[in-house]
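For reference, the structure discussed in these notes is given below.
The values are calculated or read from the model by the stated rules, or taken from the named source; none is laboratory data. In this text the structure is predicted, and so the values were computed from the model without any measurement. All Cβ positions, glycine included, derive from the backbone under ideal geometry; neighbour counts span all protein chains shown. Calculation scope for accessible area: heavy atoms of the full protein, side chains included, ligands and nucleic acids excluded. Shrake-Rupley method; radii C 1.70, N 1.55, O 1.52, S 1.80 Å.
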Amino acid sequence: MKVGLDVGGTKAEAVVVNGDGGIIARVRLATGWGGEEIVRTVVAAVHAVAADAGAGLDAISSVGIGIPGQVDPGTGRVSHAVNLGVDELDLAAEVAPALGVTVRVENDVKAAAVGAYALRGTAHGLDLRHGSMAYLNLGTGVAAGIVVDGEVWRGAHGTAGEVGHVSVDPAGPLCRCGQHGCVEALAGGGAVAQRWGRPGRFPVLDVFDAADAGDETARELRAGIARGVAAAVRILVLTADVDVVVLGGGLTALGDRLLADVTAELVASAEASPFMRSLRLEERVELLPPGSPAAALGAAIIGAAHDPRPEEALTHG
Ligand SMILES: [Zn+2]
């Protein structure tokens, strides 16, 4: 049994995955604030999900953790996880002694990319060893993870897929990174909420509703979201030629309303170009099914990926 965790700003989700890749247990816990609380939450979540699977810690062969921020997967160190109150945290080293197994850590969007790839491949009966996908996470910020033949493509410094900070409109709104017209400045939930500037629990939903009701500011913001997401899809396909771009994250709660905007923008922006039309981008965008535990599943897969099996240790030993 392998365990995967998705540690977010408000909750941590843990899953147990069996040998066939199926999820046999799933729990959610509230996430504490700061490094010590994150460590405590991770250990508690692993205990809880093992109990949910009717097993003890000794039945767990590996643990993988997806977490926001910069992650060094070699050391399991996390830095700049601002939403968790973490500046620097040696996460793998802190939790491994309490769990007694190998612990691997990866950025949450990259983990979600691996999980989304596995979920989609299983649902379509695909061979997971061959194929490519980009997972575009539309949350407070915008970032993507690229998966090739089942493995996340990190690039030289882990920056591969950071499409949120590609500027697609030099005259566009100022981004928190200092550039103008980044994908994230147009389509990030945080940037949209800030420019909308009205109170509400789900500002992007409010923007969509107000746009439908004819509000001019909302229509501009909503058109910007479609432009930003469509630009990210173009960038991902034109640089990595992935088979498909799967959209996930909080904004995808808008479902087909969001997807329809994005596909319409992709069709409209390709109209003048036979080359862009030939790529059929509008047919290569999908939504992650709502409620999918993509990041936790991906973390479980990553956690087990380099776990030397006992027989392998024997062979080499
Ligand atoms: Zn930016």
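Quick notes on this structure:
- Gyration tensor verdict on the stretch 214-281 (Cα atoms; rounded if a/c is under 1.5, prolate if a/b is larger than b/c, oblate otherwise): oblate
- Its Cα gyration tensor gives the chain an equivalent ellipsoid; the semi-axes, largest first and in whole Å, are 35, 22, 17.
- FRET efficiency for A223 and D20, using Cβ-Cβ distance with R0 set to 45 Å, rounded to 0.05: 0.50
- Hull-based mean projected area of the stretch 112-287, where the convex hull spans the alpha carbons, in square nanometres: 10.6 nm²
- Relative contact order, percent, the stretch 116-160 [alpha-carbon distance under 8 Å, six or more residues apart]: 30 percent
- A protection proxy built from the mean count of other Cβ atoms within 10 Å ranks the segments 206-217, 76-87, most packed first, as 76-87, 206-217.
- Placing unit charges on the Cβ atoms only, positive for Lys and Arg and negative for Asp and Glu, gives the stretch 71-174 a dipole magnitude near 300 debye about its Cα centre.
- The sum of -39500 (n - 2.57) across all DSSP H runs of n ≥ 4, divided by the residue count of the chain, sets its helix-only mean residue ellipticity at 222 nm to -13000 deg cm²/dmol.
- Annotation for the stretch 1-50 versus the stretch 222-300: alpha-carbon center distance of 29 Å.
- Global form of the stretch 14-135, assessed from the alpha-carbon gyration tensor, a/c cut-off 1.5: oblate
- Only beta bridges with both residues in the chain are counted; by DSSP, about 60 percent of them are antiparallel.
- Accessible carbon and sulfur surface of the chain relative to its total accessible area, %, 1.4 Å: 53 percent
- Remark: relative contact order (the stretch 112-287) = 20 percent; criterion is Cα-Cα distance under 8 angstrom and separation of 6 or more residues.
- For the stretch 112-287, the share of DSSP beta bridges that are antiparallel, to the nearest 5, is 60%.
- Radius 12 Å from Cβ of P203, net charge of other residues (Lys, Arg +1; Asp, Glu -1): +2
- Segments 291-300, 34-43, 92-101, 59-68 sorted - mean Cβ within 10 Å per residue, highest first: 291-300, 59-68, 34-43, 92-101
- In the stretch 56-176, the DSSP beta bridges split such that about 70 percent are antiparallel, to the nearest 5.
- Once the Cα-Cα distance is subtracted from the 0.36 nm per residue extended length, the D169 to A48 segment shows a gain of 38.9 nm.
- Using only side-chain charges placed at the Cβ, +1 for Lys and Arg and -1 for Asp and Glu, the dipole size of the chain relative to its Cα centre rounds to 240 debye.
- Per residue accessible area in Å² of the chain, where ligands, DNA and RNA are left out and the probe is 1.4 Å: 46 Å²
- Base-10 log of normalised Debye intensity for the stretch 39-86 (one unit scatterer per alpha-carbon) at q = 0.20, 0.33 Å⁻¹: -0.77, -1.23
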